[in-house]
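Working notes, beginning with the structure itself.
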Amino acid sequence: MQRDWNQQTAEAIIARYEQVQASLLPILHAVQEEFGFISETAMRLIATSLNITRAEVYGVVSFYHDYRQAPAGRHVLKLCRAEACQAMGAEANAAALLNRLGLDWGGTTPDGRLTVEPIYCLGLCACAPSALLDGELHARLDAAGLEALAMDAA
Ligand code: FES
């Protein structure tokens, strides 16, 4: 369960890694695990603690697709964009869904119901196209199946 933002909790998380070398990724992972995303304030605290710039922290957060800079919706749909799924039409299916929802990758519906994110291979290449909805695997998703999956997430 993710908790609301709390600066003391974030500082305690960061402090756990004070003696750890190369601690940026573990801290980011722990902060996101706690709050569900990495806020601007958290990035500032992390930068100060590690004596690096906020731009360096932001660069890492924005590089890795698994880090969020805003809270996710109540449901998170991760669509595979790797080669096998691409070969089976995943990109067109995803584009149609994103268009229908009025979202870009990483976007959340205005009602906060669904966030759609990319992921790169779920190990279900033989059953492509594949997706992960709230941690549950789904395979052989044609355009209609993907739309039904997304619209049924309530
Ligand atoms: S490429 Fe999509 S599951 Fe492997």
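Annotations for the structure displayed:
- Solvent exposure, largest accessible area first (probe 1.4 Å, DNA, RNA and ligands not counted), of VAL31, VAL20: VAL20, VAL31
- Percent carbon-and-sulfur accessible area, the chain, ignoring ligands, DNA and RNA, probe 1.4 Å: 51
- Cβ-placed point charges (K, R +1; D, E -1), dipole of the chain about Cα centre in debye, nearest 20: 100
- With at most 13 neighbouring Cβ atoms within 10 Å, loop chymotrypsin sites (Phe, Trp or Tyr not before Pro) (DSSP) excluded, longest segment of the chain: 1-63
- Positive-pole candidate from ALA84, ASN51, ILE14, dipole of the stretch 1-91, charges at beta carbon: ALA84
- Mean Cα-pair separation over length for the stretch 7-63, i.e. relative contact order, pairs under 8 Å, 6 or more apart, %: 31
- Using the 1.4 Å probe convention, the accessible area of the stretch 7-63 works out to 58 Å² per residue with neighbouring protein chains retained.
- When LEU122, LEU98 are compared by accessible area of protein heavy atoms, the largest-first order is LEU122, LEU98, using a 1.4 Å probe.
- Relative to the 2.2 N^0.38 Å rule of thumb, the chain has a C-alpha radius of gyration ratio of 1.16.
- Exposure check, 1.4 Å probe, all protein chains in place: ASP134 carries approximately 80 Å² of accessible surface.
- Difference of contour (0.36 nm per residue) and Cα-Cα distance, ALA148 to LEU98: 16.7 nm
- Size of charge dipole - the stretch 16-80 - debye, nearest 20, with Cβ of Lys, Arg +1 and Asp, Glu -1, no other charges: 180
- Tensor-based shape of the stretch 7-63 (alpha-carbon gyration tensor, a/c under 1.5 rounded, otherwise prolate or oblate): rounded
- With contacts taken as Cα pairs under 8 Å and at least 6 residues apart, the chain reaches a relative contact order of 20 percent.
- The DSSP beta bridges internal to the chain are antiparallel in roughly 55% of cases.
- Computed E for GLU83/ASN51 - FRET, C-beta separation, R0 41 angstrom, nearest 0.05: 0.55
- The slack in the chain from HIS65 to ALA12, taken as 0.36 nm per residue of separation less the alpha-carbon distance, amounts to 16.6 nm.
- Where no second cysteine Cβ lies under 4.7 Å, the cysteines concerned in the chain: CYS121, CYS125, CYS127
The values are calculated or read from the model by the stated rules, or taken from the named source; none is laboratory data. Given the structure is predicted, the values throughout are model-derived calculations rather than measurements. Cβ sites come from the backbone with ideal geometry, for glycine too, and all protein chains shown count toward neighbours. Calculation scope for accessible area: heavy atoms of the full protein, side chains included, ligands and nucleic acids excluded. Shrake-Rupley method; radii C 1.70, N 1.55, O 1.52, S 1.80 Å.
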